[in-house]
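Read the figures in this text as sums done on the coordinates, not as results from a lab. Keep in mind the model is a prediction, meaning the values are calculated, not measured. Because the Cβ atoms are built from the backbone with ideal geometry, glycine has one as well, and the counts that use them run over all protein chains shown.
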Amino acid sequence: MQGQLKKSRLISRISKERLGSYGYLDEQQLDSIIAKYLWNCALSESLYESLHWLEISLRNNIHTAASHVWGNSWLTNGQLLAPEQRLVDEALERLIKEGKKTNPEDITAALNFGFWTSLFRKDYEQKLRPILPRIFPYVTPASDRTRKIISDRLNTIRKFRNRVFHFEPIISYKPEIRYGEIKQAMEWMAPELIPFLELNCGFSAEFAKGDAHYVSEVKKILDLME
């Protein structure tokens, strides 16, 4: 009875809804469900670094390319459409409120991944033409270096990134394929960063473990609750 109470409290702490997204939730399946949950957490954590490198590469390549064509203050000199300009204004306001510097590089760092991916929507087709080759100089074949192809790739990664950062279930989103797409997008921009990513990113090793890797340890912990 005491063991059931402890397990019930465990489920409520994580939430039935969250655990239930990994399969049918009952006491007989609890070890398997928690193992899947733990593996998902580990997978998500292992993807943080690749997503970090991608975001850094993207925003810096865009800023460098756009500055070359429109000047270093392109974020505030009328190049953006209203929705993106509003996000820049909000970021600038936050920096001022926090007493931080407001030079173009500081504003660039204050803008989130969603902002940078939004610059590849159709409304920016004409604007992007002179800078796209500078942002993504290593796309092969060159015919694939189009706004639409790049926008589709970045938005697929953005949606996946949101699930990762909120520790939502990602296995049905084929994380091994998404990881390959993240690396390829980096190769399009900054291939010299890939060896550093591979040196420290544990995604491939973690993915190879599978959720079964966690089952025996989960069983031990649950058995202690009896």
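Here is how the numbers come out for the structure above:
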{"quantity": "Debye intensity ratio in log₁₀ form over the Cα atoms of the stretch 135-226, taken at each q of 0.11, 0.17 Å⁻¹", "calculated": "-0.45, -0.87"}
{"quantity": "Whole-angstrom gap from the stretch 92-115 to the stretch 1-60, using each part's C-alpha centre", "calculated": "33"}
{"quantity": "Stretch gain in nm, segment ASN103-LEU224, where the contour uses 0.36 nm per residue and the Cα spacing is subtracted", "calculated": "37.9 nm"}
{"quantity": "Distance-filtered residues of the stretch 175-204 - backbone nitrogen under 15 Å, label point 7 angstrom along THR140 Cα→Cβ", "calculated": "184-192"}
{"quantity": "Distance (nanometres) between label positions extended 7 Å along Cα→Cβ at ASP89 and GLU27", "calculated": "6.0"}
{"quantity": "Cα lying deepest toward the dipole's positive end in the stretch 2-224, options ALA142, TYR173, VAL215, charges on Cβ", "calculated": "TYR173"}
{"quantity": "Förster radius 30 Å - calculated FRET efficiency between THR76 and PHE196 (Cβ-Cβ, nearest 0.05)", "calculated": "0.40"}
{"quantity": "Coordinate range along principal axes, alpha carbons of the stretch 1-81, Å, largest first", "calculated": "70, 23, 19"}
{"quantity": "Label point distance in nm, LYS122-VAL69, each placed 7 Å from Cα along Cα→Cβ", "calculated": "2.0"}
{"quantity": "26 Å tail of the calculated P(r), the stretch 20-146, as % of Cα pairs", "calculated": "41"}
{"quantity": "Total formal charge among the other residues, if their Cβ is under 12 angstrom from that of THR146, Lys/Arg +1 and Asp/Glu -1", "calculated": "+3"}
{"quantity": "Per-residue Cβ neighbour rank within 10 angstrom, fewest leading, THR76, THR108, THR140", "calculated": "THR140, THR76, THR108"}
{"quantity": "Within the chain, longest stretch free of exposed chymotrypsin sites (Phe, Trp or Tyr not before Pro) [DSSP loop, at most 16 other beta carbons within 10 Å]", "calculated": "25-137"}
{"quantity": "From phi via Karplus (6.51, -1.76, 1.60), per-residue ³J(HN,Hα) for the stretch 106-115 in Hz, x at Gly/Pro", "calculated": "5, 5, 4, 5, 7, 8, 8, 4, x, 4"}
{"quantity": "For the stretch 79-149: span of alpha carbons on each principal axis (Å, largest first)", "calculated": "45, 23, 18"}
{"quantity": "Stokes-Einstein diffusion coefficient of the chain, Kirkwood radius over Cα pairs, 25 °C, 0.890 mPa s, in µm²/s", "calculated": "122"}
{"quantity": "Overall Cα dimensions of the stretch 39-90 - principal axes, largest extent first, Å", "calculated": "46, 22, 13"}
